[in-house]
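Written out below as structure tokens is the structure these notes cover.
Coordinate-derived values only; no laboratory data. Just so you know, these numbers come straight off a predicted model, no measurement behind them. No Cβ is skipped: glycine too gets one built from the backbone with ideal geometry, and neighbour counts run over all protein chains shown.
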Amino acid sequence: MEEKRVSEEKDVGPGNDSSSQTATPAVTSPSVTSSLNFWIIISMLCLCTLVSSLDALIITTALPRITDSIGGQAHYVWIANSFVVASTVVQPLYAQLSNIFGRRNPMLIALVLFSLGSGIAAGSRNVAMLIAGRVVQGLGSAGLFVLADLIVCDLVPLRDRAKFMGIVISTGTIGTTLGPIVGGALAQASWRWCFYINLPLAIPVFVVMAVFLRLKYQREPTWKSALRRVDFVGALIFIPSMTSLLLGLVMGGTVYPWGSWRIILPIVLGVVGTAVFLVHQGSPICKEPSVPPRLFRNRTSATAFFLCFTSSVLLNWATYFLPFYFQAVKGVSPLLSGVDVLPFSLFTIPSAMIAGWLLSKFGQYKPLHWVGFGLVSIAFGLLSILDAGSHTAAWACFQIIVGVGLGFILTSILPAICAPLAEEDVAAANGTFSFLRSFGFIWGITLPSIIFNDRFDHYSVRIHDESLRSQLMHGAAYGYASSGLVTSLTGDTHEEVISVYTDSLKNVWQAAVGFAVFSFLTVFLEKHITMRTELDTNFGLEEKAASDAGAKDVEAGPVDVKTS
């Protein structure tokens with residue numbers, strides 16, 4: 001029997017922090033998608049997603065050239081991951097700030113930070129300057145990740161959001177696809193263009209957003225009252241705790257062994273700090289939490305948050321280890337491996353858009369989740385049978401199945417999260433969703449890397465050359481896959497090394513099957529919630545924006561704008 005949305009909203013409880021945002025009539029504007037201003041904003045959000053996703057992966061193939069140029073071989077982990085850590089830890093804070101100060105100003109600040117960080121990174125003369133630039137880039141990219149989804153939620157009704165998110169997410173997938181290829185190509189000329197390339201994309205977006213992104217929000221009477229609403233204590237607990245946890249995860253197995261106290265201590269501190277943060281969010285001390293506990297008090301939202309995390313893990317699982325298969329087992333270059341994974345990337349995009357259309361048409365997200373995780377489970381199982389002699393048709397088709405499955409999931413998770421929640425919780429839900437997505441991306445590298453390194457060491461007894469075996473063990477095999485070492489081997493030694501790589505990857509894909517199947521079974525916990533077909537928000541487009549984009553009043557409050 002179909003359940004009504006209000007039946008699950010009762011689970012959310014009356015403990016609502018929105019008292020400071022009430023007293024403003026909600027706005028319903030179902031025809032907003034027909035306006036030119038709407039499509040200009042959607043186009044700019046696509047560019048924001050493109051540039052941020054492109055930058056996240058463009059460094060992967062250019063990193064060896066960068067470290068050789070500025071002498072950062074010993075610090076490559078920080079160059080690669082400083083962006084990831086910085087872009088993850090501040091996402092819930094961005095969501096809360098957008099509730100208090102509107103969506104426009106945080107978006108413009110994020111674009112400024114991203115552009116500034118790109119300029120610093122491009123002009124770096126030493127490793128410290130490059131890492132600093134990547135951190136600033138990450139702080140800006142965090143806002144782009146959060147606000148792109150959130151602004152879509154402000155512009156279209158819940159049931160139609162997946163359709164437009166499919167458009168925005170698809171451009172992000174294009175960036176993820178092109179990142180390694182573009183990075184490898186630019187590194188041949190000058191690695192600095194891996195960062196300069198962001199500026200001709202981000203600066204025009206800033207200008208257009210400054211003119212056209214005019215969304216209503218309820219102003220506070222003074223700056224003091226606005227700042228009082230910011231959860232500074234929560235941020236001071238969450239950001240250092242999560243930074244500590246993430247640093248432990250990215251350093252483990254690379255900078256230090258997993259059993260080292262230098263890895264265990266930051267992970268433990270991060271876990272304890274996160275627990276303290278969650279307690280703080282539900283305490284009377286926190287007047288307006290950035291991650292309200294009520295988001296998790298209904299099983300549909302809680303389940304969808306979990307699926308957001310697991311789908312992100314599986315997405316990066318495939319993104320990082322599909323190219324690795326081609327480099328380590330097939331023996332192709334990093335650049336060609338980026339070309340070989342195009343079937344995965346190219347089919348993720350249309351399937352995400354199709355899933356968005358299906359959700360808008362039928363309002364059913366559970367079937368999409370079942371189909372998505374079901375296909376992913378099957379596909380990872382098929383990937384486990386690949387070896388050095390696998391035919392092109394086999395690995396291409398297997399990638400297509402993975403891409404279609406993940407595409408069905410990508411655009412249908414956030415609407416499922418928001419379905420049982422009140423519209424006033426959309427910003428907090430978006431911030432939490434975006435954080436869990438980025439957090440899942442990190443685990444999507446960490447978990448399969450741990451499995452691969454363990455299995456490689458286990459199977460390495462097959463390699464009879466003791467010096468070569470010791471060279472490849474203890475986490476070094478991943479890095480040597482693209483160095484030319486494996487392809488330079490001949491005879492039995494080459495066959496022995498390839499067999500170890502193949503069987504280690506087989507175990508990696510099998511572990512992914514278990515992860516995907518568990519996610520498939522978790523979908524049963526979701527309830528079907530009737531999705532809203534009208535836009536009911538205090539953050540919609542200003543009515544004057546479409547006709548008077550150059551007005552001086554940048555972002556009027558709801559009391560200054562006529563409601564439709």
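Loop-only trypsin sites (Lys or Arg not before Pro) in the range 92-172, please: DSSP not H, G, I, E or B, and at most 14 other Cβ atoms within 10 Å.
Here the trypsin sites (Lys or Arg not before Pro) that fit, given the DSSP loop and packing criteria, are Arg125.
For the chain, what is the relative contact order in percent, using Cα pairs closer than 8 Å and at least 6 residues apart in sequence?
After rounding, I find 25 percent.
Pairing the Cα long axis of helix 36-70 with the longest principal axis of the chain, what angle in degrees results, from 0 to 90 and rounded to the nearest 10?
Taking the Cα atoms of the chain, the angle to 36-70 is about 30 degrees.
With θ set to phi - 60° and the Karplus curve 6.51 cos²θ - 1.76 cosθ + 1.60, what are the ³J(HN,Hα) couplings of the range 331-345 in order, to the nearest whole Hz, using x for Gly and Pro?
x, 8, 6, x, 5, 5, 5, x, 6, 5, 8, 4, x, 5, 6
Any idea what angle helix 261-281 forms with the longest principal axis of the chain, computed on alpha-carbon atoms, 0 to 90 degrees, nearest 10?
Orientation of helix 261-281: about 20 degrees from the principal axis.
To the nearest 500 deg cm²/dmol, what mean residue ellipticity at 222 nm is calculated for the chain from DSSP H runs of n ≥ 4 alone, each contributing -39,500 (n - 2.57), summed and divided by the residues?
Mean residue ellipticity at 222 nm (helix-derived): -23500 deg cm²/dmol.
Return a single number: how many Lys pairs in the chain, at a sequence separation of 8 or more or on separate chains, have alpha-carbon atoms below 20 angstrom apart.
16
Within the set of other residues whose C-beta is less than 14 Å from the C-beta of Leu130, count the net charge using Lys and Arg as +1 and Asp and Glu as -1.
That works out to +2.
Roughly how tilted is helix 76-89, in degrees to the nearest 10 and between 0 and 90, from the longest Cα axis of the chain?
So the inclination is approximately 20 degrees.
Which entry in [x] 77, 58, 45; [y] 80, 58, 51; [z] 74, 70, 50 matches Cα extents along the principal axes in Å derived from the coordinates of this structure?
So the structure-derived entry is [x].
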